[in-house]
Structure formats: C-alpha cells, structure tokens
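These notes are about the structure you will find just below.
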C-alpha cells in the first residue's frame with residue numbers, strides 16, 4: 001500500500017503530539033487489566049471452566065463463573081454473558097422487554113437511541129411486528145442540551161408529569177449515528193442519582209456499546225440498574241466471535257434472564273457449546289484491545305483535523321468511547337473514507353464497499369469492515385448513513401499498528417478522491 005508523503009508526515013507529527021495521551025490510555029489499560037486479573041484470581045479460573053456443555057447446560061461451571069467475574073469487573077450485583085446473544089441490539093431487546101410492561105413508559109434522556117432500536121421501540125416499521133409499542137409500551141424522549149449535557153430541568157419536568165408510568169430511564173452512552181459527544185461514566189452517575197432522587201423505583205438502563213474499558217469504572221458502579229453491550233465490540237477483546245452481556249442489579253438481571261430464556265428458568269440454563277474459552281480470553285484481552293482502538297481513534301482525529309475536517313472528539317480531548325466521527329461533508333467523501341478503511345484492512349482488502357439499504361436502518365448505509373469476525377466493531381471498521389452532513393463513524397483496531405495502516409489508507413483515499 002502506497003501512502004502519500006503528506007499523510008506520512010502528518011502521522012509522524014501526530015504521534016509526537018499524542019505521546020502524553022497514549023501514556024494516559026496505557027495507564028487506564030493497566031488498571032482495567034489488573035481488575036480483570038484480580039477477578040480471575042478471586043474466582044479461581046481454571047482449564048476445567050473452558051469445557052463444553054450441550055443440551056440444557058445445567059451446572060455449567062465455566063458459564064456461571066464467567067457471569068460472576070463479569071459482575072465483579074463491571075461493578076454490578078449480577079451479570080449474564082452469553083454467546084447466544086447475537087448482537088448488541090438483541091442484548092438491548094432482552095433488557096427492554098425484560099423490564100417494560102404494557103402501560104409503561106420508556107424515557108430516553110439522551111435523544112434518540114441508535115437507529116436499530118427504532119423498530120424495536122415502534123418509532124418505525126410495521127404495526128404488529130412485535131415492537132414495544134405493539135405491547136402497549138409508550139416512548140418519550142428528551143434531547144441533550146446544545147453542549148451535549150443532560151437537560152436536568154426538562155428531565156425533572158417530564159418525570160413528574162408522567163409520574164409512575166415511567167418505568168425506565170434509558171441512556172445511550174455513545175453517540176451512535178448522532179453528531180453529539182459521548183457521555184462519561186461520571187455524567188451517567190450524576191443522572192442516575194438525580195433520577196433516583198425523584199423516582200427511586202425507576203430502572204436506569206444504559207446502552208454501553210463502545211464504552212467498555214475506556215474508563216476505569218463502568219455505569220453499574222455509579223448507579224445504573226442495567227448496563228448492556230455486545231461482545232464483538234470492546235468487551236470481547238477481538239477474541240469473542242459472537243455474544244452479548246447484561247450487568248446490573250440482581251432484580252434487573254433476573255428480569256432480563258427471564259426474557260433471555262423463560263420465566264422461572266432464567267440464567268440457570270444455556271449450553272456453552274465450546275465457546276467459554278473465547279469469552280474468557282476475550283475479557284482478558286479487552287482492556288488492552290480497547291486501548292489499541294483508542295490510540296487509533298486519536299490518530300484519526302489528529303490527521304483528519306489537520307486535513308481540514310471537523311472531527312469529534314478532537315485529537316486532544318479525553319474520550320469515553322472508541323468511536324471517532326469525521327464529518328466528510330459529501331457522499332463521495334464518506335464513501336472515499338470507507339473505501340480507504342477497507343483497503344487498509346487485513347481481511348477483504350480487495351473489496352470496494354458500496355452503500356445499501358441495510359435492514360434496521362432508515363437511510364442507506366455504507367460499511368467498511370475487513371474483520372476476522374463479521375460485524376466486529378472492535379476490529380478496524382467504519383460506517384455511516386448516507387445523509388447530511390455525511391459523517392463517517394470510525395472505530396476499532398485490534399492493534400495500533402494495523403489501525404494506523406487503516407487510518408493512513410483512509411486519509412490517502414479522501415485526499416486523492418476529494419481534492420476539491
């Protein structure tokens with residue numbers, strides 16, 4: 001792969017400027033790795049826990065111990081970690097349908113959730129397909145303030161106006177496909193305390209996708225009742241080939257487990273089919289792999305900001321997830337960015353990504369993902385909906401070195417194809 005001298009000079013300049021930020025990321029990675037290893041030691045992880053079970057999976061010691069380890073690492077009372085959860089959206093569905101009942105209100109306080117939840121909630125799609133709305137669950141929403149903070153005055157007014165109908169306050173930590181800042185764990189903790197001060201019985205539920213191990217604590221540790229994510233993002237460490245998790249209070253996790261399997265059975269069953277080792281190994285790698293993705297995101301922000309593009313976060317800002325957005329300003333710019341990422345990937349580098357009508361999304365989406373695991377967002381990937389301002393959302397990089405190659409390829413592609 002040939003990269004222009006302009007981009008190579010920018011990369012060298014970036015790494016000098018980013019040295020203190022990389023050092024901070026390494027410190028966080030060390031602390032999180034220490035936390036994971038302490039949990040492994042406390043729960044006496046052994047080779048026997050990697051053995052496979054079939055059928056009902058009763059008394060699967062590896063599965064049950066992994067749930068306990070996850071709860072400890074996440075700062076939660078309980079957790080469910082399963083390879084049978086097919087995606088982050090599936091994990092969120094388990095949590096939403098596990099807690100909400102007919103007549104309840106799901107109240108999102110950070111604007112609209114990620115696009116794939118629109119049909120789940122009933123904001124789009126066909127009536128009768130089985131959305132929350134079909135089951136009599138209403139939806140309310142409050143936007144963040146213009147500077148990307150929780151609007152506490154509006155939240156209080158809404159909570160008091162809706163009264164006991166509000167069963168869940170929902171927070172999407174990451175920006176998703178929105179041009180807004182990602183929320184920190186401290187901010188989520190402040191929100192949880194605020195909500196509980198008005199309605200102690202409300203469940204505070206956090207979509208934690210892309211945020212795990214970016215900080216040294218997770219939302220469970222600061223008051224969230226249920227935190228949900230995907231194992232082919234940060235917490236799978238690039239080793240888990242599928243799966244998801246839910247962690248939080250014992251009651252919230254119990255309700256979610258009844259949706260995962262059935263009432264009265266919950267998390268007691270579930271054959272692991274030889275997947276335990278990859279889930280354990282993924283959690284072991286997760287803090288380090290997340291650090292590699294963060295360094296790659298910082299590099300992308302620096303290079304594209306110097307090329308004149310608006311980026312979020314900026315290269316020298318503290319981060320709360322692994323996503324880096326680059327506003328390309330045009331359809332061609334977005335497509336060129338994704339073509340460059342694909343060309344700089346270890347798998348399917350010869351493929352040219354094209355926009356398509358992807359199920360669950362309201363706009364055509366272009367995706368670049370040269371990944372060992374299909375759809376793995378902790379690996380080098382980029383995507384974005386074909387709508388103004390044509391923002392590319394970049395994330396991942398199993399190693400900083402491979403992530404750097406992808407970013408240089410993307411910058412070179414944009415510089416070459418969008419010179420005007």
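When you look at residue 248, is it within 16 Å of residue 213 (Cβ to Cβ), in contact with a strand residue (DSSP E or B) (Cβ under 8 Å, 6 or more places away or on another chain), crowded, with 18+ Cβ neighbours inside 10 Å and modelled with pLDDT of 95 or more, yes or no? The answer is no for residue 248. The set of residues in region 252-274 that are surrounded by fewer than 21 Cβ atoms within 10 Å (Cβ to Cβ) and touching a residue at least 24 places away in the same chain (Cβ under 8 Å) comprises 254, 258, 259, 268, 269, 271, 273, 274. Filtering region 362-383 to residues that are buried (at least 24 other Cβ atoms within 10 Å of the Cβ) and over 17 Å from residue 343 (Cβ atoms) leaves 377, 378. Go over the candidates 349, 343, 336, 357 one by one and state the one that is modelled with pLDDT under 95, out of contact with any strand residue (DSSP E or B) (no Cβ under 7 Å at 6 or more places or on another chain) and either surrounded by 15 or more Cβ atoms within 10 Å (Cβ to Cβ) or in the same structural domain as residue 26 (by TED's automatic domain parsing) (or both). Of the residues listed, the single one that is modelled with pLDDT under 95, out of contact with any strand residue (DSSP E or B) (no Cβ under 7 Å at 6 or more places or on another chain) and either surrounded by 15 or more Cβ atoms within 10 Å (Cβ to Cβ) or in the same structural domain as residue 26 (by TED's automatic domain parsing) (or both) is 357. Scanning region 1-38 for residues that are over 17 Å from residue 297 (Cβ atoms) and outside any helix (DSSP H, G or I) yields a count of 4. Taking region 370-395 as the range and being in a strand (DSSP E or B), closer than 20 Å to residue 89 by Cα and in contact (Cβ under 8 Å) with a residue 60 or more places away in the chain as the test, the residues that pass are 384, 385, 393, 394, 395.
For region 130-146, the criterion of being under 16 Å from the mean Cα position of the chain (by Cα) and either surrounded by 16 or more Cβ atoms within 10 Å (Cβ to Cβ) or outside the structural domain of residue 186 (by TED's automatic domain parsing) (or both) is met by no residue. The conditions of being closer than 30 Å to residue 390 by Cα and assigned to a helix (DSSP H, G or I) are met by residue 296. Looking for something over 29 Å from residue 364 (Cα atoms), in contact with a helix residue (DSSP H, G or I) (Cβ under 6 Å, 6 or more places away or on another chain), in the same structural domain as residue 177 (by TED's automatic domain parsing) and surrounded by 23 or more Cβ atoms within 10 Å (Cβ to Cβ) - is there at least one such residue anywhere in region 97-113? Scanning region 97-113, I find no residue that is over 29 Å from residue 364 (Cα atoms), in contact with a helix residue (DSSP H, G or I) (Cβ under 6 Å, 6 or more places away or on another chain), in the same structural domain as residue 177 (by TED's automatic domain parsing) and surrounded by 23 or more Cβ atoms within 10 Å (Cβ to Cβ), so the answer is no.
The values are calculated or read from the model by the stated rules, or taken from the named source; none is laboratory data. Note that the coordinates shown come from a computational prediction; the quantities given were computed from them, not determined experimentally. Counting neighbours? That spans all protein chains shown, and the Cβs are built from the backbone with ideal geometry, glycine included.
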